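Accompanying notes for the structure given below.
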Amino acid sequence: MTYKINGTEFIIQPTYGRWIAQEPIDIDGNGHPIYPALREFEMGWSLNNPSGTYQLQQFFAAITITGTAVVDLPRYAHSEYTFYSYSGCVVYQPQFGNYFAEHISEVVLLVGKIRT
């Protein structure tokens, strides 16, 4: 079980992954918060090599053309650590940190429009 986009495994698996906490978008008539229907997931790499960061950039470029992707992520709020294929996702432009020798540090990829 690994992270994938459109069936392709990442060359280098992320150092971490996390579901982004949602902020309420409103309050209903009973005082309960109303949350968005869609979620976001962030994955990051402490260090990634040029081929790994190139792959992330290619995922972003391909999805910009086609519109959405199927992304394999840890299943949200599930009783076991399993991966699930979420369809209709968007991939945001990867963020790259500083170079460390021939590696890139603090690489972050955000996936949005996830229906859990």
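Mind checking which residues of the stretch 36-52 are closer than 21 Å to Leu73 by Cα and surrounded by fewer than 14 Cβ atoms within 10 Å (Cβ to Cβ)? Break it down into steps so the answer makes sense when it comes.
Step one: filter the stretch 36-52 for residues closer than 21 Å to Leu73 by Cα, giving 36-48, 52.
Answer for the stretch 36-52, where residues must be closer than 21 Å to Leu73 by Cα and surrounded by fewer than 14 Cβ atoms within 10 Å (Cβ to Cβ): Pro36, Ala37, Ser46.
Select from the stretch 1-53 the residues that are of a type in the set (Lys, Arg) and free of Cβ contacts under 8 Å to residues at least 40 places away in the same chain and list them in ascending order. Even if it seems obvious, please write down each step before you answer.
Our first condition is that a residue be of a type in the set (Lys, Arg); within the stretch 1-53, this holds for 4, 18, 39.
If the condition is that a residue be of a type in the set (Lys, Arg) and free of Cβ contacts under 8 Å to residues at least 40 places away in the same chain, then Arg18 is the only one that fits.
Reported count of residues in the stretch 65-80, each being touching a residue at least 24 places away in the same chain (Cβ under 8 Å) and over 12 Å from the mean Cα position of the chain (by Cα), is 3. Scanning the stretch 92-107 for residues that are within 11 Å of Ser46 (Cα to Cα) and surrounded by 12 or more Cβ atoms within 10 Å (Cβ to Cβ), we see that the one that is farthest from the chain's Cα centre (by Cα) is His103. For the stretch 72-116, the set of residues classified as closer than 13 Å to Arg39 by Cβ, part of a strand (DSSP E or B) and small (Gly, Ala, Ser) consists of Gly88, Gly112, listed by residue number. Every condition in (1) of a type outside the set (Asp, Glu); (2) surrounded by fewer than 13 Cβ atoms within 10 Å (Cβ to Cβ); (3) out of contact with any Pro (no Cβ under 9 Å at 6 or more places or on another chain) is met by Gln55 except one, and the failing one is (2).
Since every read-out is calculated from the coordinates, none of them should be taken as a lab result. As the structure is a prediction and not an experimental result, all values here were calculated from the model. Virtual Cβ from ideal backbone geometry, glycine too; neighbours counted across all protein chains shown.
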